[in-house]
Amino acid sequence: MKKFFLISFLLFLAGCEQPAKPVPLPENNFLVIAHRGASAYAPEHTIGAYELAIQMRADYLELDLQQTKDGKLVVMHNRFIVNQQKEIAVADLTYEELKTLHEEGTGQRQTVLESAEKTNEGLISLEEVLERFGADVNYYIELKTPASYPGMEEDLIAELRDFGLLDGNQNPPRIILQSFDRKSLQRIHKLEPDIPLIQLYSFDKAPSFKESDFQKLNKYASGIGINKDVVSKELINQFHRHGLDIHPYTVNEEEVMRRLYEWGADGIFTDHPDIGVEVKREER
Ligand code: G3P
Ligand code: CA
C-alpha cells in the first residue's frame, strides 16, 4: 500500500513539472528592430521594405501577422481590410481573396527612396518572406490578435520549424516572438520554451509595475516592448533588476534613440533602421 502511495505521489510530482525559464536575450545589446521593414522609406510590410532594412544592417526585421480563413499567415497590421467603405475581417477571407482586395487598396502606394522604386508590392505571406530571406536574417514577429485565429501559435511554430529557423542556438536569436496577448505568449512558451518572447504593452501614462507583474512575466517572457513615451531610466532599471529586457517602440528621432541608448534600453523598434544603426555605432 505504501508503495502505491509513493508511486502515486511521484506521478503527481511529475505532472506538476515547472515550465522552463524564459531564455535570456544577449546582454549589452541595443537591437535595431526594423519596424515593418525600413518603413520610413518604402511601403511597410513589403519585400522592398525588408530588403532596405537588411541593406541598412538592421538587427531584426519586424513583422505583424494575421491569418486568413484558409490558414495562411500574412504580413499585415490590421485585423480588417477596408473595401468599398466596408471592413472585412482577414479571418473571413481566403488568401487569394485578401490579396485581391489588398491590391485594389494599395495599388497607388508610392515609395520615398528612388532606390526602392520597385517595392510597390501587394500583400505578402510569411512564407514569401521566409523563402526570400531564409535563415540569413533575424525575425521579430508579432502575433496580432491571436485570439481571432485559433491555432495560430502552432501554425507559426510549424512554419518556422519548416524553414529551419528553430534549429540550434543563435546569438542573437534568429527568432523573437511578440504579442500584446499574454495567453498566446504563455501558450507558445509551453510549446517552444526556447523561443524568446516579448510581452507588448501600450500605456497612456507612465505605468507602475508590481512585484506580482514581474513574477508573472518571469515565467514566460524574456522582456517587454512598450510605447516609448512612457519609458524612463527608472523603468528600464526596474525591468533589468527583474532580468527582463525592454524594447521601446516606435522610435524615429535620433535624439530619442540616443537617450534610450544612454538609459540602457536593450533595443528599439524604428521605421528608420539606418539612423538606429548609426546611433548604435557612434554610441558604442
Ligand atoms: O510590435 C511593436 C509595435 O510594432 C507594436 O505596435 O501597432 O506598430 O504593431 P504596432
Ligand atoms: Ca508590430
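Read-outs: derived from the displayed coordinates by stated rules, not from any lab. Computed from a prediction, not measured in an experiment: that's the story for all the values here. Virtual Cβ from ideal backbone geometry, glycine too; neighbours counted across all protein chains shown.
All other residues with a Cβ under 13 Å from the Cβ of Y220 taken together, and with Lys, Arg as +1 and Asp, Glu as -1, what is their net charge?
Working: positive: K21, R182, K183, R187, K190, K216, K219; negative: E153, D181, E192, D194, D213.
Value of the local net charge: +2.
About its Cα centre, the dipole of the stretch 128-244 is roughly 620 debye, where the only charges are +1 on Lys and Arg Cβ and -1 on Asp and Glu Cβ.
Counting Lys and Arg as +1 and Asp and Glu as -1 over every other residue whose Cβ lies under 13 Å from the Cβ of Q238, the net charge comes to -1. Remark on D245: its backbone amide H falls under 5 Å from those of G223, I224, a criterion applied only to residues 5 or more positions apart or on other chains, H modelled at 1.01 Å from N.
Across all Cα pairs in the chain, the calculated P(r) in 5 Å bins from zero up to the longest distance comes to 1, 5, 12, 15, 17, 16, 13, 9, 5, 3, 2, 1, 1, 0, 0, 0, 0 percent per bin.
Percent relative contact order of the stretch 26-283, based on C-alpha pairs within less than 8 angstrom and at least six residues apart? Could you put the intermediate results ahead of the total?
Values: 486 pairs, mean separation 55.5, N = 258.
Reported relative contact order: 21 percent.
The long axis of helix 2-15 is offset from the longest Cα principal axis of the chain by roughly 10 degrees.
Rounded to the nearest Hz, the phi-derived 3J(HN,Hα) couplings of the stretch 50-64 under the Karplus curve 6.51 cos²θ - 1.76 cosθ + 1.60 (θ = phi - 60°) are 6, 4, 4, 4, 5, 4, 7, 6, 4, 6, 9, 9, 9, 9, 9, where x marks glycine and proline. Against the main long axis of the alpha-carbon atoms of the chain, helix 273-283 sits at an angle near 60°.
How big is the convex hull of the Cα atoms of the stretch 64-104, per residue, in Å³?
Working: hull volume 2.3 nm³, N = 41.
Normalising the Cα hull of the stretch 64-104 by residue number yields 55 Å³.
Give the shape of the stretch 240-284 as rounded, prolate or oblate, defined through the alpha-carbon gyration tensor: a ≥ b ≥ c are the square roots of its eigenvalues, a/c under 1.5 means rounded, and otherwise the shape is prolate if a/b is larger than b/c and oblate if not. Since a/c reaches 1.5 and a/b is larger than b/c, the shape of the stretch 240-284 is classed as prolate. The Stokes-Einstein estimate for the stretch 134-284, based on a Kirkwood radius over Cα pairs and taken at 20 °C with 1.002 mPa s viscosity, is a diffusion coefficient of 131 µm²/s. Axis of helix 182-191 versus longest Cα principal axis of the chain: the two differ by about 70°, to the nearest ten degrees. Less than 5 angstrom separates the built amide H of Q178 from those of I141, E142, L143, I198, all sequence-distant by 5 or more or on a different chain. Overall, the stretch 26-283 carries a charge dipole of about 840 debye about its Cα centre when +1 sits on the Cβ of Lys and Arg and -1 on the Cβ of Asp and Glu, all other atoms neutral. Projecting the Cα atoms of F133, G151, L235 onto the charge dipole of the stretch 26-283, computed from C-beta unit charges around the Cα centre, puts L235 farthest toward the positive end.
If you count, for each residue, the other Cβ atoms within 10 Å and average over each peptide, how do 71-78, 242-249 line up from highest to lowest? Before the final figure, lay out the partial values.
On the way: 71-78: 19.1, 242-249: 21.6.
Highest to lowest by the protection proxy: 242-249, 71-78.
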